[in-house]
Amino acid sequence: MKYLPLLLLFLILQNHMVQMDRIEKNQDCAWSCSEGLHCKPRAYSPLSAFHCRNQPVSSAVFSNVMLSTVLPCEGRKCPLQLKIATSVNVTGDIRGVSVCADSAGMIGHCQIYTFGHVGKGKATGKQVDVQFKCVPVRPGQLVFVTLKTIPNYCKAAWTQRHLVPECSHEGIRDEIAECITGKLAYTVDEVRNVLTVKVTDAPEDTDYNLRLCHKRSVICAGEGAPKTIKPQHLQSSITLHYSKPLPCLCIEGWPARVDARRVQVCPFKNNLEELWSGLTYDLNKEELIWEPLCPVKVSLSLCHADGGKSCQDIGNVFHSEGQKVIFSSVDPHPTLCTKFTTEVGTWIKCPFAKGNFSVWTVKITSRDGQQWAEISTWVKASFSISVCEMKPSSQCKRTEGNKFHNLSVDKMKHTVFNLSKSACEVCVCIQVQRVDVRFSVPVLQCDLQCSNRCRDPERRHSQDMEKILLPAVIFLTVILAAVLFGRMTIKDGDKKRTPWAKLTCLRM
């Protein structure tokens, strides 16, 4: 129950907002006064606005004040007007009322209406209803309305502001010439990069402009001069050519008159994939630069692609809302990628995956059983080298007794790193990473001349099993062969003894 007053207040305010948003058409905008009183307009004097009487008077002189935006249509023309009405509680020497509607960039509209000297008349102590002549306004205009008495009593003045609805309001957007922008329908030809546009519901008495523009915040920057369509050709289709289907690329149309409102449609607003192509690399400065072609709220980070779908982050995450992002001190490598994350999803782009961007290489060579790694570089660089053993999990684990080695290589030279002769006894690889830059990825080399069996752990296991099983199979085969040969010899002996045995029996 304790929330009941708050609920009632919310409902009252909501009902008030609904009433204020409602725009009525075909309203009477002429001035009027209570029936039976002799009211008449009078020329407004600015002096009355600066001088007021301090005599005590009820502050509730004005009541039931109504400010509303109306459309007093005459034929097809519907000018936007502000309607002002009030009830005046007449006391003392009040002989009339004045109203002023002022706004920035607008000439003030002031009116005075008198209903005679009522101090001794029938209106004293009564309520007089006054409707002022409507004031012309524009969409979105903030108007300050002030009511005063005649004569002007200081404590009886009433002031309130009124916000005229924008052109987006459904009650005026298709009624006022200033708000009518036309509607744009389009089709996309992705093969030819062409947009075919047709304009409907446009003003019939003026030319119409069409163009392509790139929307950045509120402003849509145009590309060249707009195409102008004559009123008699509004039913025809217009073709516009575009270079890239960017999400901020929009079609903009507006009637060819001063301060006309504009309508925009953006055919590729969901095509964020195009934004991630703006990656460039400065080889001299070792900078990876992303400059957005459209304003977009995105988080960027560099990552190391592991060959699968995952990409491990490297360094800090940068946040951009349309600003250029520069990653300084970057070592280019095919597995060094950029991760873009927005509210919609995540994209991974690897700018060095195609093309010869690497500035250094490492390879394994062998001679007379000795293995060594050879590093060549086109820039002066420092490297970290470690010897590791490939495990069945495909991870490179540093072997015992092998430490990291750091070495520097001059530009356009190569350096040799010797491996121990025992490298062939285990599945040994070397891991090389550049350490004189902020962003780099490790490079793994496992192509030792003696370690082919280490590349595939399953194959290595099968080879080991073959070494165990093959001698056993050969041994069993020899035994079986010997047994079979012995049995065959016994059978042949039996066959040879059979005729002699028969002959012996006959003799007996």
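The values are calculated or read from the model by the stated rules, or taken from the named source; none is laboratory data. As the structure is a prediction and not an experimental result, all values here were calculated from the model. Backbone-built Cβ (ideal geometry, glycine too); neighbour counts: all protein chains shown. Surface areas here come from the heavy atoms of the whole protein model, side chains and all, with no ligands, DNA or RNA. Shrake-Rupley method; radii C 1.70, N 1.55, O 1.52, S 1.80 Å.
For this structure, a couple of remarks:
- Accessible area expressed per residue, the stretch 55-106, with surrounding protein chains retained (probe 1.4 Å, Å²): 43
- Extension gain, Ser236 to Gln323, is 27.3 nm, computed as 0.36 nm per intervening residue step minus the present C-alpha separation.
- Using the Cβ of Lys155 as centre and a radius below 15 Å, the other residues enclosed give a net charge of +1, where K and R count +1 and D and E count -1.
- Sparse-neighbourhood loop sites, trypsin sites (Lys or Arg not before Pro) in the stretch 270-325 - DSSP loop, at most 13 other Cβ within 10 angstrom: Lys285, Lys309, Lys324
- In this structure, the amide hydrogen of Ser34, modeled 1.01 Å from its nitrogen in the peptide plane, lies closer than 5 angstrom to those of Asp129, counting only residues at least 5 positions away or on a different chain.
- Distance between the modelled labels on Thr365 and Arg42, one decimal in nanometres: 11.0 nm (7 Å Cα→Cβ projection).
- Net charge in the neighbourhood of Val443 (other residues with Cβ under 11 Å of its Cβ; Lys, Arg +1, Asp, Glu -1) is +1.
- Entries in Lys198/Lys269; Lys25/Lys133; Lys198/Lys227; Lys77/Lys148; Lys324/Lys354; Lys215/Lys324 that, when Cα-Cα distance is taken, lie over 21 Å: Lys77/Lys148; Lys324/Lys354
- Using a Förster distance of 41 Å, the FRET efficiency for Gln127-Asp205 (Cβ separation, nearest 0.05): 0.30
- Peptide ranges 225-238, 334-347, 85-98, 376-389 listed from the most packed, as the mean C-beta count within 10 angstrom indicates: 85-98, 376-389, 334-347, 225-238
- Values of log10 I(q)/I(0) for the stretch 130-281 across q = 0.12, 0.13, 0.17 Å⁻¹ run -0.65, -0.72, -1.02, by the Debye formula with one identical scatterer at each alpha carbon and no solvent.
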